[in-house]
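**Q** Attaching a single structure in structure tokens format; questions to follow.
The values are calculated or read from the model by the stated rules, or taken from the named source; none is laboratory data. For clarity, every value in this text was computed on a predicted model and none was experimentally measured. Cβ atoms come from the backbone with ideal geometry, glycine included; neighbour counts cover every protein chain shown.
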Amino acid sequence: MSSTINNSSIVKIFDTTLRDGEQSPGASMNVEEKLEVTRQLLRLGVDVIEAGFPVSSPGDFESVARIGEEVGDRAVVCALTRAVAKDIDVAADALKTATHPRIHTGIGVSPNHLQDKLGISEDEAIEKAVAAVKHAKSYVTDVEFYAEDAGRADPKFLYRMLEAVIKAGATVVNIPDTTGYAVPEIFGKLIRGITENVPGIENVTISVHCHNDLGMATANAMAGVANGARQVECTINGIGERAGNTALEEVVMALKSRADLYELDTNINTKELMRSSRMVSQITGMNVQPNKAIVGANAFAHSSGIHQDGVLKERTTYEIIDPADVGAAESSIILTARSGRHALRHRLDLLGYTLNDEEFERVHKDFLDLADQKKEVYDEDLESLVSEADRTSRAAFTLERLQVSCGVPAIPTATVELHFRDGNILIDSCHGNGPVDAIYRAINRIMQIDNDLIEFSVQANTRGIDALGEVTIRIKDPAGKVFTGRGAHPDIVTASARAYTNALNKLIVSEGKEVPSMEGGRV
């Protein structure tokens, strides 16, 4: 099924987790978190990292510049712009640190975008697109052009637009289904039409960028590949605007598992897929549903007796993917309370965590506390402990002690002790509708930061009654900005308190809030 236009046997993976994925409500990442994800994307082996939209904020500019330094020559670093000269100037400046920089510029091409959003004619759109590509080309040799909302565009106009930007110097043309409107048959036909009707298309790479509004992002992307696309734009876990983007892990494993059909492959190290998924989930606070393809908790689980019997006799009777191929295999080293420091550090190294001595000691202390409560500590537990220790080390304040009383007919009451970086220790108590409500009210009495709790969820991170509980919450400030907090602990009440302090810390850093003085509570 390889294209007659582009005979490459490799499909390049363009990861936009740090740009489009971060646009998911509540999924924003700070610079250090983006660098952590970047390092994992490099271990994963992606070809292109879209690092951000530099003109949108100083934080995005810094992220692109820092990611360019981090990546070096291991991948292309891409920055998004509109077809606006200033956007392109700022992107070029941010990309000065990148060894292989790419400017990603473009304009809307559907009647909806041309008439309702831009208020311009088709010819004016082509003129702006060509000018943007030429301007970008004056800074970098690698320029990608996106034809926004191509899934709803007039194909004949799209052909004209693509021909013009290729002549202007575009090296990659991106065909996005921006609104998730396409279906595989029609989207594949669109890509095939481009390969057959656009002069010069054989000299550039066709990219596809699909959204999941109708649940067909991966199917549409694969239809694009089958008809000549050789770059797929995707995100870890499929996160992104609205219903999300094409899931990286799904495209990669579809090509690997059905090599007989597509005769194509990627440069991805598939054994890093599961860890990539967990990292992005932990950092963004967006949980992966258990039945998610490839990386969901149930992706390789079998509860039916018939299935269990078949898998025990021959794995391939019910599994088309070896769990080990995506990094889902269990380690043979079992961690318990009797495991020493060497065993713990070895497992952390296998999981890809490089901790200094101070960071390791924090994790080791939490590990011993957890191991005393559990028969076995799993990899997912360790990942939660590392994430929890990292959140605590960067916090403006931490929850040091917590005491809760509740029951029937008792009134739920909580006392909290908060420690601040400046050495202040503040204590206060409050009652509430339940233990978690009482905790949050007590913290609010000290912090005096206006916010609304808009989402609260609890999940067991591993199996068993002694599983480590993870709480994810979202709070909204008066301006409507959403902050995600996560907390992990065998006691879900404590995990709930940690999640709230984590979210408040993010709010404090984002808005430059002052932490309370000694008058804010009782010592």
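**Q** Being touching a Phe, Trp or Tyr at 6+ places or on another chain (Cβ under 9 Å), of a type in the set (S, T, N, Q) and assigned to a helix (DSSP H, G or I) is the filter here; which residues of the stretch 211-233 pass it? Before you say what the answer is, go through the steps one by one.
**A** Here is the first cut: in the stretch 211-233, the ones touching a Phe, Trp or Tyr at 6+ places or on another chain (Cβ under 9 Å) are 211, 213-214, 216, 219-227, 231-233.
This time we only want the ones that are of a type in the set (S, T, N, Q), so: 220, 227, 231.
Result: Asn220, single match.
**Q** Would you point out the residue of the stretch 473-522, among those that are at pLDDT 90 or above and among the hydroxyl-bearing types (Ser, Thr, Tyr), that is nearest to Gln459 (Cα to Cα)?
**A** The residue in question is Ser496.
**Q** Separate question: Within the stretch 185-204, can you find the residues that are charged (D, E, K, R), within 15 Å of Arg230 (Cα to Cα) and either under 31 Å from the mean Cα position of the chain (by Cα) or outside the structural domain of Met222 (by TED's automatic domain parsing) (or both)?
**A** Correct list: Arg192 only.
**Q** Among the residues of the stretch 45-64, count how many are touching a helix residue (DSSP H, G or I) at 6+ places or on another chain (Cβ under 6 Å), part of a helix (DSSP H, G or I) and under 19 Å from Ala136 (Cβ atoms).
**A** 5
**Q** May I ask you to verify whether Thr81 is of a type in the set (Ser, Thr, Tyr), more than 20 Å from the chain's Cα centre (by Cα) and surrounded by 20 or more Cβ atoms within 10 Å (Cβ to Cβ)?
**A** Numbers: of a type in the set (Ser, Thr, Tyr): yes; more than 20 Å from the chain's Cα centre (by Cα): yes; surrounded by 20 or more Cβ atoms within 10 Å (Cβ to Cβ): yes.
So Thr81 passes the test.
**Q** Step by step: first the residues of the stretch 472-514, then only those that are part of a strand (DSSP E or B) and under 18 Å from the mean Cα position of the chain (by Cα), then the one that is farthest from Tyr440 (Cα to Cα). Which residue is that?
**A** Val482
**Q** Taking Glu22 as the residue in question, decide whether it is surrounded by 20 or more Cβ atoms within 10 Å (Cβ to Cβ) and either at pLDDT below 95 or assigned to a helix (DSSP H, G or I) (or both).
**A** So Glu22 passes the test.
**Q** OK, next. Restricting to the stretch 436-447, what's the tally of residues that are surrounded by fewer than 19 Cβ atoms within 10 Å (Cβ to Cβ) and hydrophobic (A, V, I, L, M, F, W, C)?
**A** 0
**Q** Applying the selection to the stretch 454-510, what residues are of a type in the set (Asp, Glu), more than 21 Å from Asn433 (Cα to Cα) and either surrounded by 23 or more Cβ atoms within 10 Å (Cβ to Cβ) or touching a Lys or Arg at 6+ places or on another chain (Cβ under 8 Å) (or both)? Give the derivation first.
**A** Going through the stretch 454-510, the residues of a type in the set (Asp, Glu) turn out to be 455, 466, 470, 477, 491.
Next, from what is left, pick out any that are more than 21 Å from Asn433 (Cα to Cα): 466, 470, 477.
Within the stretch 454-510, Asp466, Glu470 meet the criteria.
**Q** Still on this model: Is one or more of the residues making up the stretch 403-410 under 25 Å from Lys365 (Cβ atoms) and touching a residue at least 60 places away in the same chain (Cβ under 8 Å)?
**A** Yes, because at least one residue in the stretch 403-410 is under 25 Å from Lys365 (Cβ atoms) and touching a residue at least 60 places away in the same chain (Cβ under 8 Å).
**Q** Counting only residues that are surrounded by 15 or more Cβ atoms within 10 Å (Cβ to Cβ) and among the polar types (S, T, N, Q), which one in the stretch 389-435 is farthest from Gly512 (Cα to Cα)?
**A** Among them, the one singled out is Thr413.
**Q** Assuming Ala94 fulfils every condition listed in (1) over 18 Å from Ser56 (Cβ atoms); (2) in contact (Cβ under 8 Å) with a residue 40 or more places away in the chain; (3) of a type in the set (A, V, I, L, M) apart from one, which condition is it?
**A** For Ala94, the exception is condition (1).
**Q** Please give the number of the condition Ile67 fails out of (1) within 24 Å of Leu162 (Cα to Cα); (2) touching a residue at least 24 places away in the same chain (Cβ under 8 Å); (3) buried (at least 19 other Cβ atoms within 10 Å of the Cβ); (4) in contact with a helix residue (DSSP H, G or I) (Cβ under 8 Å, 6 or more places away or on another chain).
**A** So Ile67 meets the others, but not (1).
**Q** If you take the residues of the stretch 291-321 that are surrounded by fewer than 14 Cβ atoms within 10 Å (Cβ to Cβ) and either closer than 16 Å to Glu249 by Cβ or in the same structural domain as Ile268 (by TED's automatic domain parsing) (or both), which of them is modelled with the lowest pLDDT?
**A** Checked the stretch 291-321; the qualifying residue modelled with the lowest pLDDT is Asn298.
**Q** Also: Yes or no: Leu35 in a helix (DSSP H, G or I), under 13 Å from the mean Cα position of the chain (by Cα) and over 22 Å from Met253 (Cβ atoms)?
**A** Working: in a helix (DSSP H, G or I): yes; under 13 Å from the mean Cα position of the chain (by Cα): yes; over 22 Å from Met253 (Cβ atoms): yes.
Answer is yes for this residue.
**Q** Does the stretch 452-472 hold any residues that are closer than 22 Å to Gln282 by Cβ and either at pLDDT 90 or above or hydroxyl-bearing (Ser, Thr, Tyr) (or both), and which are they?
**A** Leu453, Ile454, Glu455, Phe456, Ser457, Val458, Thr462, Val471, Thr472 - these are the residues of the stretch 452-472 that are closer than 22 Å to Gln282 by Cβ and either at pLDDT 90 or above or hydroxyl-bearing (Ser, Thr, Tyr) (or both).
**Q** Take Leu95 and decide whether it is aliphatic (A, V, I, L, M) and in contact with a Ser or Thr (Cβ under 9 Å, 6 or more places away or on another chain).
**A** no
**Q** Of the residues Arg401, Arg441, Arg347, Arg445, which single one is over 29 Å from Ser510 (Cβ atoms), in contact with a strand residue (DSSP E or B) (Cβ under 9 Å, 6 or more places away or on another chain) and either basic (Lys, Arg) or outside any helix (DSSP H, G or I) (or both)?
**A** Matching residue, one of Arg401, Arg441, Arg347, Arg445: Arg347.
**Q** Looking only at the stretch 189-209, how many residues end up being among the charged types (D, E, K, R) and surrounded by 16 or more Cβ atoms within 10 Å (Cβ to Cβ)?
**A** Counting residues in the stretch 189-209 that are among the charged types (D, E, K, R) and surrounded by 16 or more Cβ atoms within 10 Å (Cβ to Cβ) gives 1.
**Q** Please go through the stretch 1-15 and give me each residue that is out of contact with any helix residue (DSSP H, G or I) (no Cβ under 9 Å at 6 or more places or on another chain) and either modelled with pLDDT under 95 or buried (at least 19 other Cβ atoms within 10 Å of the Cβ) (or both), ordered by number.
**A** Asn7, Ser8, Ser9, Lys12, Phe14
**Q** For Val280, are the conditions met, namely being crowded, with 21+ Cβ neighbours inside 10 Å, in contact with a strand residue (DSSP E or B) (Cβ under 7 Å, 6 or more places away or on another chain) and not assigned by TED's automatic domain parsing to the domain that holds Ser384? So that I can check it myself, show each step before the final result.
**A** On the way: crowded, with 21+ Cβ neighbours inside 10 Å: yes; in contact with a strand residue (DSSP E or B) (Cβ under 7 Å, 6 or more places away or on another chain): no; not assigned by TED's automatic domain parsing to the domain that holds Ser384: yes.
Taking the combined requirement at face value, the residue does not satisfy it.
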